[in-house]
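What follows is a single structure, written as structure tokens, with notes after it.
The values are calculated or read from the model by the stated rules, or taken from the named source; none is laboratory data. Quick caveat: nothing in here was measured; it's all calculated off a predicted structure. Here the Cβ positions follow ideal geometry from the backbone for every residue, glycine too, while neighbour counts run over all protein chains shown. Surface areas here come from the heavy atoms of the whole protein model, side chains and all, with no ligands, DNA or RNA. Shrake-Rupley method; radii C 1.70, N 1.55, O 1.52, S 1.80 Å.
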Amino acid sequence: LVLLAMLVSCSTTDEVCDKNITDITYHGSLIPCKKQQNCPFNQVCVPLSTASVVSTFCVDRNPKATIGLEAPCKEDKDCSAFYCVKAKVDQCLNMCSVTADCSSGNFCRLVKVQVQDFSTVIGTCLPY
């Protein structure tokens with residue numbers, strides 16, 4: 001049993017900012033990932049805080065989600081990857097390494113992730 005905390009903060013370009021925290025209680029083993037394609041079909045790649053560092057891992061999709069990756073959203077709880085990235089067009093997190101990892105019309109953009117006292121930069125698909 002692992003309690004993981006997630007928080008997306010401001011992007012490196014200050015165009016994206018989301019300061020809502022989400023906690024996940026996870027019962028499985030964590031698979032490290034850099035993009036969504038690194039995870040099994042029923043899991044999502046998300047930034048998590050474990051002890052004193054922010055890392056990205058595959059976790060089970062949000063069972064209460066009503067929409068999928070890269071979909072327009074209003075709240076974190078709506079997204080299968082637990083994050084509604086606040087941007088010009090708010091949309092659900094889909095971690096990526098390059099634009100080819102994103103669906104047509106989206107681009108891999110860097111977003112700063114802050115969890116508790118630690119931060120890192122990840123790629124997520126956005127429509128600009």
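Highlighted here are the strands (runs of 3 or more DSSP E) found entirely within region 43-128 that include at least 3 residues which are hydrophobic (A, V, I, L, M, F, W, C) and in contact (Cβ under 8 Å) with a residue 60 or more places away in the chain: 107-115, 118-126. Taken over region 81-92, the residue count meeting the criterion of being out of contact with any Leu (no Cβ under 6 Å at 6 or more places or on another chain), open to solvent by less than 50 Å² (accessible area, probe 1.4 Å) and either of a type in the set (D, E, K, R) or at negative phi (or both) is 4. Of Met95, Met6, all but one fail to be modelled with pLDDT of 95 or more, under 14 Å from Thr120 (Cβ atoms) and open to solvent by less than 30 Å² (accessible area, probe 1.4 Å); the exception is Met95.
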